[in-house]
Amino acid sequence: MTLSVTRLSLFLATASLLSACGGSAPEPVAPPQAAVEAPVAETPAEEAHEDHSGEHDHDHEDEEAAGGTAHVHGLADLALTRDGNRFEAELISPLANFGLSEADGKFTDAVTAELSGLIELVGGDCTPAAPHAEVDTTSGHTDGHVHATWTCGSPDRVTALRFAGFTAFSGFESVSAVYITDTAQKAGNLTPSAPELSLK
Ligand SMILES: [Zn+2]
């Protein structure tokens, strides 16, 4: 299990690199969300992630890009891999995307209850296991990790990975998804209007 998670983290790092090379930086999003979400009122959510060096937003973003660990509200990374009839996915997302307080730093019961339908496989007669969620603050930001697994009756017939979380959580705007096995590599940006990554 630990090994698998490590592997997925590598995939996610790769995905971050891919998107970093993609050219177009994520559009800064006007934060109605952030305003609502930040109970600490005096600082907008974006600035809350900076240290107290008094740098501007641009410096903050450069820093994130250099470190290879993006924490931009609205964005998330999703990696899927397959081993035989078993699929395994990990989503790494700013906790704020779930509408949660990053200051509190935990998944609420209400949000946890929504996680079972967050990531779906299309086709393949797959049975999901209950997802596992945890909070990671090691990057200096507050990220949520959601780990999901499926066992599939017809794994070769899984046609797509779908991020269904756009519906339940309006904080998600774009999810960078990758599917990597020994023989396949797919990558794409998922959005509310195009939430599926084709695996074919
Ligand atoms: Zn944040």
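The values are calculated or read from the model by the stated rules, or taken from the named source; none is laboratory data. Keep in mind that this is a model prediction, so the values were computed, not measured. A quick note on method: Cβ atoms are made from the backbone with ideal geometry, for glycine too, and the neighbour counts reach across all protein chains shown. For the accessible areas, the whole protein counts, side chains as well, though only heavy atoms, and no ligand, DNA or RNA atoms are used. Shrake-Rupley method; radii C 1.70, N 1.55, O 1.52, S 1.80 Å.
A few remarks follow.
- Those residues of segment 145-178 which are part of a helix (DSSP H, G or I), open to solvent by 40 Å² or more (accessible area, probe 1.4 Å) and modelled with pLDDT of 95 or more, in sequence order: ASP156, ARG157
- Criterion: open to solvent by 20 Å² or more (accessible area, probe 1.4 Å), at pLDDT below 95 and out of contact with any helix residue (DSSP H, G or I) (no Cβ under 7 Å at 6 or more places or on another chain) - qualifying residue of THR191, THR181: THR181
- Segment 74-90, subset within 16 Å of the ligand (Cβ to nearest atom) and surrounded by 24 or more Cβ atoms within 10 Å (Cβ to Cβ), residue farthest from LEU161 (Cα to Cα): ALA76
- Some residue of segment 102-110 being farther than 25 Å from ALA70 by Cα and not β-branched (Val, Ile, Thr): yes
- Residue count for segment 113-144, restricted to those that are open to solvent by 40 Å² or more (accessible area, probe 1.4 Å), in contact with a Pro (Cβ under 9 Å, 6 or more places away or on another chain) and farther than 16 Å from PHE163 by Cα: 1
- Qualifying residue in segment 54-68 (condition: within 16 Å of the ligand (Cβ to nearest atom), crowded, with 16+ Cβ neighbours inside 10 Å and modelled with pLDDT of 95 or more): no
- For segment 88-115, the tally of residues that are basic (Lys, Arg) and assigned to a strand (DSSP E or B) stands at 0.
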